[in-house]
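Heads up, the thing below is written out as structure tokens.
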Ligand code: 6PG
């Protein structure tokens, strides 16, 4: 039975500094993954792009997790080759995959180089197959853009879902063409971990936490269902760097 997250409910974990943010988030994700492996024999983690997760991935690489029992997915990807500077896969390969000891995890890369339409269609098939087999994902890590976007779900550019778990995204910044988990795909994730670091995220964070999905025009991150654990530093919460 596929997992279906309930209505959004937020939990805040506030830490003083950026290094503490990475440590707290990595510890929570590692605990969730260990619990999933203990309970179900395997675990799945959906990775965020951008810059905030980089130190989290470096800490996870050193966490001595059972990586051969863990499957990695991407919450979104830019439609660029996997060795491109803008590729989320390239960032994860550098910060996490290359640093892993022992047997590697299964990695489900979004083949952004195919272009948004073909890559989204292919990734949607991968996600559907996983969801049918495992009921969903154990943990999804998400970032927060200054405009309230998450993954590649951008304001005024939400993809038509039509039951899809992955779809084409369109960013207002280059690379414009993206592939992203849809809100329906994110609602199949048991644990949602959001990261918000730095004073620039204050307006978006406040807007998301004050929003209800029933309202119109709420930021895309506010539409993510389920229990949302926010790991934020004081700068993101107060606007004081
Ligand atoms: C991406 C991410 C995107 C990111 C936010 C925050 O592909 O860029 O998926 O949603 O999480 O833009 O980015 P920072 O962590 O760099 O602030």
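Can you tell which of 192, 174, 240, 179 is in contact with a strand residue (DSSP E or B) (Cβ under 9 Å, 6 or more places away or on another chain), closer than 19 Å to residue 12 by Cα and either surrounded by fewer than 18 Cβ atoms within 10 Å (Cβ to Cβ) or touching a residue at least 24 places away in the same chain (Cβ under 8 Å) (or both)?
192
Within the bounds of segment 11-28, is there any residue that is touching a helix residue (DSSP H, G or I) at 6+ places or on another chain (Cβ under 6 Å), over 26 Å from residue 180 (Cβ atoms) and part of a helix (DSSP H, G or I)?
No, there is no match, as no residue in segment 11-28 is touching a helix residue (DSSP H, G or I) at 6+ places or on another chain (Cβ under 6 Å), over 26 Å from residue 180 (Cβ atoms) and part of a helix (DSSP H, G or I).
From the list 115, 102, pick out the single residue that is surrounded by fewer than 16 Cβ atoms within 10 Å (Cβ to Cβ) and touching a strand residue (DSSP E or B) at 6+ places or on another chain (Cβ under 9 Å).
Checking each option against the conditions leaves just 115.
I'd like the full set of residues that are surrounded by 19 or more Cβ atoms within 10 Å (Cβ to Cβ) and under 17 Å from residue 120 (Cβ atoms), limited to segment 64-99.
73, 74, 75, 76, 77, 78, 79, 80, 87, 88, 89
Mind listing whichever residues of segment 48-93 are assigned to a helix (DSSP H, G or I), within 15 Å of the ligand (Cβ to nearest atom) and within 21 Å of residue 30 (Cβ to Cβ)?
Residues satisfying the conditions are 54, 55, 56, 57, 58, 88, 91, 92, 93.
Of the residues 115, 145, only one is more than 25 Å from residue 3 (Cβ to Cβ) and within 15 Å of the ligand (Cβ to nearest atom); which?
145
What are the pairs with Cβ atoms under 8 angstrom where one residue, in segment 133-157, is farther than 15 Å from residue 49 by Cα and modelled with pLDDT of 95 or more and the other, located anywhere, is near the ligand (Cβ under 8 Å from one of its atoms) and assigned to a loop (DSSP other than H, G, I, E, B)? Sequence gap at least six, or different chains.
Within 8 Å, the pairs are 155/149.
If I filter segment 150-178 down to residues being in a strand (DSSP E or B) and under 15 Å from residue 111 (Cα atoms), which single residue comes out as nearest to the ligand (Cβ to nearest atom)?
If we take residues in segment 150-178 being in a strand (DSSP E or B) and under 15 Å from residue 111 (Cα atoms), then 178 is nearest to the ligand (Cβ to nearest atom).
Residue 220 - would you say it is within 12 Å of the ligand (Cβ to nearest atom) and surrounded by fewer than 23 Cβ atoms within 10 Å (Cβ to Cβ)?
Answer is no for this residue.
Just give me the residues in segment 182-234 being under 16 Å from residue 159 (Cα atoms), in contact with a helix residue (DSSP H, G or I) (Cβ under 9 Å, 6 or more places away or on another chain) and in a loop (DSSP other than H, G, I, E, B), in sequence order.
Of everything in segment 182-234, those that are under 16 Å from residue 159 (Cα atoms), in contact with a helix residue (DSSP H, G or I) (Cβ under 9 Å, 6 or more places away or on another chain) and in a loop (DSSP other than H, G, I, E, B) turn out to be 182, 218, 219, 224.
The values are calculated or read from the model by the stated rules, or taken from the named source; none is laboratory data. Note that the structure is a prediction, hence the values are computed from the model and not measured. Because the Cβ atoms are built from the backbone with ideal geometry, glycine has one as well, and the counts that use them run over all protein chains shown.
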